[in-house]
Amino acid sequence: MSALTNGLLIYAALAAALAGFSGLSLAMDRHWEALYGRGSSPGDKTRWLQACGTAGLLLSLAASLALKGATQGWVMWLGALTAGAVVVVLTLTYHARRLIPLAKAAAVSAVVATIAAQAAHAL
């Protein structure tokens with residue numbers, strides 16, 4: 001694999017982990033209330049947020065395994081999960097209103113980076 005493909009897959013793993021943990025955290029009432037005030041609830045959006053969060057974490061796993069293989073890919077994935085979780089926790093703690101734009105940007109850029117890595121690998 002080229003350096004470009006490697007870089008894109010690393011970025012995709014990190015961004016997808018961040019987007020996944022953002023979705024999973026917003027599916028919880030406590031974090032939803034931090035954004036939208038007491039008494040509010042994600043309601044019908046809970047399942048959607050959980051599904052998108054799970055998809056983000058699976059995309060992160062796929063990018064890690066594609067880059068490092070079955071043995072080291074799991075270790076890389078755990079590192080990406082750790083980094084994503086730290087960013088989400090710090091964002092919720094200090095700038096909760098910025099989590100949704102950050103998560104949207106991370107999700108879109110993770111998908112784009114994955115597609116670009118596949119295209120670069122095919123060349």
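Any read-out appearing in this document is the output of simple, stated calculations on the displayed coordinates, not a laboratory observation. Treat the numbers as computed from the prediction; the structure is a model and nothing was measured. Neighbour counts run over all protein chains shown; Cβ positions are idealised from the backbone, glycine included.
Quote to one decimal, in nm, the extra length available between Ser40 and Asn6 on full extension: 0.36 nm per residue of separation minus the C-alpha distance between them.
8.1 nm
In nm, what is the difference between 0.36 nm times the number of residues separating Gln118 and Leu78 and their Cα-Cα distance?
Working: separation 40, 0.36 × 40 = 14.40 nm, distance 2.23 nm.
Difference between extended and current length: 12.2 nm.
Mean-square fluctuation check for the chain, GNM, Cα pairs under 10 Å: which of Ser60, Ser41, Ser25 is largest?
Ser41
Quick check: pseudo-label points 7 Å beyond the Cα along Cα→Cβ at Arg98 and Val86, how many nm apart are they?
Result: 1.7 nm between the two label points.
With +1 on the Cβ of every Lys and Arg and -1 on the Cβ of every Asp and Glu, and nothing else charged, how large is the dipole of the chain about its Cα centre, in debye rounded to the nearest 20? List each step's numbers first, then the result.
Numbers: 8 positive and 3 negative charges, 34 e Å.
Dipole about the Cα centre, nearest 20: 160 debye.
Would you kindly derive the ³J(HN,Hα) couplings of the range 20-27 from the backbone phi angles with the Karplus curve 6.51 cos²θ - 1.76 cosθ + 1.60 (θ = phi - 60°), listing them in order in whole Hz, with x for Gly and Pro?
In residue order, the calculated couplings are x, 5, 5, x, 5, 5, 6, 6 Hz.
Whole number please: convex hull volume per residue of the Cα set in the chain, in Å³? It would help to have the intermediate numbers written out before the result.
Numbers: hull volume 11.1 nm³, N = 123.
Considering the Cα atoms of the chain, their hull volume per residue is 90 Å³.
In percent, what relative contact order does the range 42-106 have, based on Cα pairs under 8 Å that are 6 or more apart in sequence?
Details: 21 pairs, mean separation 11.2, N = 65.
Contact order relative to length: 17 percent.
What ³J(HN,Hα) values, in whole Hz, does the Karplus curve 6.51 cos²θ - 1.76 cosθ + 1.60 give for the range 2-11 when θ = phi - 60°, with x put for Gly and Pro?
In residue order, the calculated couplings are 7, 5, 5, 4, 4, x, 5, 5, 5, 4 Hz.
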